[in-house]
Each structure stands twice: as C-alpha cells, then as structure tokens.
Amino acid sequence: MAVVKSIRPSGTVSGRFTGSTRLIIGAVLIVALLVAPFVAYPGFLMKALCFALFACAFNLMLGFVGLLSFGHAAFFGTAAYASGYAAKVWGLTPELAILFGGLIGGLMGLVIGAIAIRRQGIYFAMITLAISQMVFFFAIQAGSITGGEDGLQGVPRGRLFGLISLEDSLTMYYFVLAVFLIGFALIWRIVNSPYGAVLKAIRENEPRAISLGYQVNRFKVMAFALSAALTGVAGGTKAIAVQLASLTDVQWQMSGEVILMTLLGGVGTLVGPAVGGALVVGLENYLATSGLPVTMVIGVVFVVCVLVFRRGIVGEINVFLGRRR
Amino acid sequence: MSDLVLETKGLTKEFRGFVAVKDVNLKVRRGSIHALIGPNGAGKTTVFNLLTKFLQPTAGTVRFNEHDISQAKPADIARMGVVRSFQISAVFPHLTVLENVRVALQARSPKVFHFWRSIRELDHLDAKAAQLVEDVGLGPFLHTTAVELSYGRKRALEIATTLALDPELMLLDEPTQGMGHEDVGRIIELIRRIRKGRTILMVEHNMSVVSGLSDTITVLQRGQILAEGPYETVSKNPAVIEAYMGTEHG
C-alpha cells in the first residue's frame, strides 16, 4: 500500500482551471496537434499518441483507483497482436481491427482484474506482473499467430471504413489523432460520470464506501477492464500505425515504461500521462540517434522526477497555479 | 414483525487465541436507542465490527430482522439497512460536503455503473443532499471540502451521509468522541431528531450522552456482557460500579 499511497494524485480531478480557461487550453492543444505533422515526423507523432493514450488508460487505474498494475503490457501487447492479426489475416478494416484489439484487452482485463483485485498494493502489482509474464510466454510460444521473435510484420494499414486509404502517413496520423482524442474523451467522461464519482469515493475512503453499501471490488474490476480495453485500443492503433506487433509490446519492460510515463507526466491528472507518454517516446526517439545510452538517460530523468517533482510535470503545474490564486 | 431488530447469540471473536468478544447475547429492540458501554478494551468496537461484518465472528450468529446475517458481506448489510459510522471520522476528505452526501444517495441509484453518462445526471440528488446537510446544521458549509471542516462538523457530516441511506438500524461508533462541549450538545440534539422511525445502537464513552439518550444500556467488560438495562438500574449495579465507574462513585 505504501507504494500507492506515496504517489497519490495531487490535483483535483477537474483540474485547477475554470471552464472557459480549460476550453481555450484544450483548443490550443488540439490546434497544435493538428499542425504537428507539418513540423515533426508523423511516424514519431503517431507512436507518441499511441503511448500517450496507453499512459492515460493506465492512469485510470493508478491515478483514479489507486491500484498499481505492473502488467499492462499484457493488454497493450496482446491487443497489438490481435489487431495486427485481424487486419493482416482476416482483412478487417483498421477501425474494426482496433476495436477488436480493445475488446480483447477489455476481456483480458476483466479476467485478470477479477483475480488480482483480491489483493492490494504490492501484492496486486505482483499478481498482475506474474500474469503478464504468462502472456509474454504465450506470445513467444504461439509463433504461428504472433510471429515469435520476428513479431507480426507487415500489418496493412488498410482503408478506413473500407473507403479511405491510410497508406499516406499524414492521413494515418489524423486517424491516430482521432482515436487518441476519442479515447481521451472517454477517459474524461469515465472520471466525470456517476460511476467516476463512486470511484473517487472509494479511493478517498474505502471502508466508508463499503459501509455505504458499495461493492467496491466490482467497481475496481470494472475500472481495470475499462483501463485494459483502452490500453488495447492504444496497442491496436500502434500495431496498425507502425505496421508491426512485436514481443517488445508485451514484455514487462513495457509495463515499467508506462508507469514511468504516468509518473513523469503527473499521476491522477487527466493530461499528465499523455504529456509523460509523448515525452518518453520523444526522448527515446531523440536519444536513439544521439549516441547517448538511452536507458541511462531515461533512468536519470526518472530519478530526478521522483526526487524533485513527485507530482509529475502537470501535477506540479497544477499546484503552482493553484497556489498563485 | 418481531420486536427485535438485531439479535446476537453466542457472538464470539478470537484473535490468535485472545478472546476479544465472548458469548455476547445482545437484543436490540425496534425503535430504541441502545448504548454499548464499557472500559477501554472491553470489546465494544469489535462487537461493532462483528455486527457490521467488517469482522467475521469466530462463533455465534447475528440476526437482523430475523434474517441470519452472520455470513453477509459489509456492503450487503448496508443495502439491507444496517449502516454504521466509524470511530475515526469517516468522510471523503477531498469531496465537498454536498458530494459526500450525494455519494451516499447515489448508492440507491441503478446508474452507479454508468461510466458513459455525465456527472450532471446526479444533479437531481442535490436538493435531497442539501436538505440532509441542512438538517445536521451544516447548511453554510455545503460547498466546503470535507477536510477543511472542524472535527465536530465532520462527525455531523458523517451522520448526514449515513442518514442519506435512510437506515433502519444506525450504528454510531462514539459519535461525540473528541468533541468540545457545544458540539456534544449539538450531536445529542441531532440524534434525538433522527431517531424517529429507526433504531440506533451506539458505542459511547460520554456518560451524560448515554444517560440522556439511551433506553437500554449494555455494559461490556473483557468481551462479555456485565449488565444490561435502563441507565437507572445499570448505574446502580454494584458490579458495574466496581468495573466501570468505580473511581467516579468512590
């Protein structure tokens, strides 16, 4: 429990801004995302968006339920395989392939969540890790589906709704952006729904929520399944965009990376994990050509983040703005 | 319907060989205010946790309205109408006073799992929540974050939240603990007002609260029932005087 308690969310769920300010900031961000492919390489941006969505989905569990999953790579990776396979072998259109990935992720989340939810804190994390390792082992063994060490290569981007070709990177980017925005909006809605209000109450004071008649485990398992489904959508989108689903996606390092992204951006904030995800992917991308050891630099960034600004980038900004008023 | 709301038979709880509660037979009459008193460590809170299923009894049964609830889960009995408060103030600290009460009102709604709906769908509960907040004297603090309330007001908020479920049996764990004199008076007033149509079982240390409010008192000592009856009888019981009030009564 100590792990989870020490990284409790900092800001309020609705953020520090008033409605109109938030609208303006949101509009500026969306415009920035729309013009981004003319400034940066679309392939990199698509990857960044997929991981941003992955981190946001993960944060639904860590930030809004207070449970640390160490096995989200299982959902991300399996969904990447599922979507890739559906697009390549069954010839599904990209949007259906991605939905299929989300469905697979959600179902897995439901089963794994129902098992893991019996324990809290470090035990919960360890159960999720153990199960995700089993999934990893399966991915290696089931070479006929996953391509084993080679991964599932040559996933076609296909035609959106069977009409619009996504072969062009710019078109593909806008599709990924749309998926990201829909996923993000869905997370926002979950957090700000009647269900989200109960989740918040459970995180605030679980025994009290129980004494009011809430079967808290059902709420947690459902949050886990929702988080896994959205993680699946992120994984599926990544497979279509990058045209590859590989063991990297399902490996435990991926579970660690998404924790890093979430903490770096700001756990329990809505935008933070997206910022963290984009930042980590950006760093990796930049460092890959710089000759510097990538894992070392990211390790240092993580240590500095945890030591100096524990609330993460967006969390610290929220606190700073909150203090000023 | 039986005269008894709650009845325990042979209720026993052991913690690794230590018997915290032993063979407790408790009968709570419908519509009464029943106080559970006893020196520190007598097992009052353990009995409370057994009744609300936060602990499972080692032996014995608990019956609520003649249903055996010995094996029920805490959330289930809350739905049946047995709602408790906690010794440490149990509010949702970073929710406003209104939101605290609304979460309880929401428990009855079939929409609790509707993650795709807007939170505005809860707005229709606001009037009821505000009324409950007003009833416990927290009207001016409707939009205050719970963590900023004084201790006494947090307890009042807790009672408002519990009342939101309209429980048939309300269990209050030391409702006036750690309160200043004025707050105690306010809580006594409040309990008097809310007793209508329900049964209240409370653990309480403050004897003026117990004597002023309760119809029946059960005295626990070392996990066992020492005496039971109205305040006048119990307070004259020599065993009780010796065990519990010995020093006060010389």
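The values are calculated or read from the model by the stated rules, or taken from the named source; none is laboratory data. These numbers come from a predicted model, not from an experiment. For neighbour counting, all protein chains shown are included, and Cβ atoms are generated from backbone atoms with ideal geometry for every residue, glycine included.
Looking for whichever is on the phi < 0 side of the Ramachandran plot, surrounded by fewer than 21 Cβ atoms within 10 Å (Cβ to Cβ), within 14 Å of another protein chain (Cβ to nearest Cβ) and not basic (Lys, Arg) here; the options are A:206, A:167, A:149. Which one fits?
Values: A:167 fails: within 14 Å of another protein chain (Cβ to nearest Cβ); A:149 fails: within 14 Å of another protein chain (Cβ to nearest Cβ).
On inspection, the qualifying residue turns out to be A:206.
Free of Cβ contacts under 8 Å to residues at least 12 places away in the same chain and either under 20 Å from the mean Cα position of the chain (by Cα) or in a helix (DSSP H, G or I) (or both), is that true of residue A:96? Working first, answer last.
Details: free of Cβ contacts under 8 Å to residues at least 12 places away in the same chain: yes; either under 20 Å from the mean Cα position of the chain (by Cα) or in a helix (DSSP H, G or I) (or both): yes.
Criteria met by residue A:96.
Assess whether residue B:159 counts as being under 25 Å from residue B:93 (Cα atoms), surrounded by fewer than 18 Cβ atoms within 10 Å (Cβ to Cβ) and at pLDDT 85 or above. Working first, answer last.
Numbers: under 25 Å from residue B:93 (Cα atoms): yes; surrounded by fewer than 18 Cβ atoms within 10 Å (Cβ to Cβ): no; at pLDDT 85 or above: yes.
No: the conditions fail for residue B:159.
Can you tell me which residues in the range B:71-127 are small (Gly, Ala, Ser), touching a residue at least 24 places away in the same chain (Cβ under 8 Å) and buried (at least 19 other Cβ atoms within 10 Å of the Cβ)? Lay out the reasoning, then the answer.
We begin by selecting, within the range B:71-127, every residue small (Gly, Ala, Ser); these are B:72, B:75, B:78, B:81, B:85, B:89-90, B:104, B:107, B:109, B:118, B:127.
From what's left, touching a residue at least 24 places away in the same chain (Cβ under 8 Å): B:78, B:81, B:85, B:89-90, B:104, B:107.
Answer for the range B:71-127, where residues must be small (Gly, Ala, Ser), touching a residue at least 24 places away in the same chain (Cβ under 8 Å) and buried (at least 19 other Cβ atoms within 10 Å of the Cβ): B:78, B:85, B:89, B:90, B:104, B:107.
Tell me, which helices (runs of 4 or more DSSP H) wholly within the range B:135-214 include 1 or more residues that are under 18 Å from residue B:83 (Cα atoms) and acidic (Asp, Glu)?
In the range B:135-214, B:151-164 are the helices (runs of 4 or more DSSP H) which contain 1 or more residues that are under 18 Å from residue B:83 (Cα atoms) and acidic (Asp, Glu).
Given the criteria in contact with a Ser or Thr (Cβ under 7 Å, 6 or more places away or on another chain), buried (at least 23 other Cβ atoms within 10 Å of the Cβ) and away from chain A (no Cβ under 14 Å), does residue B:5 qualify? Break it down into steps so the answer makes sense when it comes.
Working: in contact with a Ser or Thr (Cβ under 7 Å, 6 or more places away or on another chain): yes; buried (at least 23 other Cβ atoms within 10 Å of the Cβ): yes; away from chain A (no Cβ under 14 Å): yes.
Spelling it out, residue B:5 is indeed in contact with a Ser or Thr (Cβ under 7 Å, 6 or more places away or on another chain), buried (at least 23 other Cβ atoms within 10 Å of the Cβ) and away from chain A (no Cβ under 14 Å).
Can you tell me which residues in the range A:9-25 are closer than 24 Å to residue A:309 by Cα and modelled with pLDDT of 65 or more?
Initially, the range A:9-25 is screened for residues closer than 24 Å to residue A:309 by Cα, giving A:9-17, A:22, A:25.
Correct list: A:22, A:25.
On the given criteria, is residue A:194 within 14 Å of chain B (Cβ to nearest Cβ) and surrounded by 19 or more Cβ atoms within 10 Å (Cβ to Cβ)? Spell out how you get there, then give the answer.
Details: within 14 Å of chain B (Cβ to nearest Cβ): yes; surrounded by 19 or more Cβ atoms within 10 Å (Cβ to Cβ): yes.
For residue A:194, the condition - within 14 Å of chain B (Cβ to nearest Cβ) and surrounded by 19 or more Cβ atoms within 10 Å (Cβ to Cβ) - is met.
Which residues, counting only those in the range B:31-40, are within 17 Å of residue B:223 (Cβ to Cβ) and touching a residue at least 24 places away in the same chain (Cβ under 8 Å)? Give the steps one after another, and end with the answer.
First, pick out the residues of the range B:31-40 that are within 17 Å of residue B:223 (Cβ to Cβ): B:36-40.
Once the filter is applied, which keeps residues that are within 17 Å of residue B:223 (Cβ to Cβ) and touching a residue at least 24 places away in the same chain (Cβ under 8 Å), the range B:31-40 yields B:36, B:37, B:38, B:39.
Condition first: within 21 Å of the chain's Cα centre (by Cα) and at pLDDT 90 or above. Now tell me which residues in the range B:133-145 satisfy that. Step through it out loud before you land on a result.
If we filter the range B:133-145 for residues that are within 21 Å of the chain's Cα centre (by Cα), which is where we start, we get B:133-138.
The answer is B:133, and nothing else.
What number goes with the only condition from (1) of a type outside the set (Asp, Glu); (2) buried (at least 21 other Cβ atoms within 10 Å of the Cβ); (3) over 24 Å from residue B:138 (Cβ atoms); (4) more than 14 Å from chain A (Cβ to nearest Cβ) that residue B:33 does not pass?
Here residue B:33 meets the rest and fails (3).
Mind checking whether some residue in the range B:52-69 is touching a residue at least 40 places away in the same chain (Cβ under 8 Å), within 12 Å of chain A (Cβ to nearest Cβ), crowded, with 20+ Cβ neighbours inside 10 Å and under 24 Å from residue B:199 (Cβ atoms)?
yes
Working carefully through the options A:199, A:226, A:212, A:186, find the one that is touching a residue at least 12 places away in the same chain (Cβ under 8 Å), within 11 Å of chain B (Cβ to nearest Cβ) and closer than 24 Å to residue B:93 by Cβ.
Details: A:226 fails: closer than 24 Å to residue B:93 by Cβ; A:212 fails: touching a residue at least 12 places away in the same chain (Cβ under 8 Å); A:186 fails: closer than 24 Å to residue B:93 by Cβ.
Of the residues listed, the single one that is touching a residue at least 12 places away in the same chain (Cβ under 8 Å), within 11 Å of chain B (Cβ to nearest Cβ) and closer than 24 Å to residue B:93 by Cβ is A:199.
Which of the residues spanning the range A:91-118 are under 17 Å from residue A:72 (Cβ atoms) and surrounded by 18 or more Cβ atoms within 10 Å (Cβ to Cβ)? Reasoning before the result, please.
The first filter runs over the range A:91-118 and keeps only residues under 17 Å from residue A:72 (Cβ atoms), leaving A:101-117.
Those that are under 17 Å from residue A:72 (Cβ atoms) and surrounded by 18 or more Cβ atoms within 10 Å (Cβ to Cβ): A:101, A:102, A:104, A:105, A:106, A:108, A:109, A:112, A:113, A:116, A:117.
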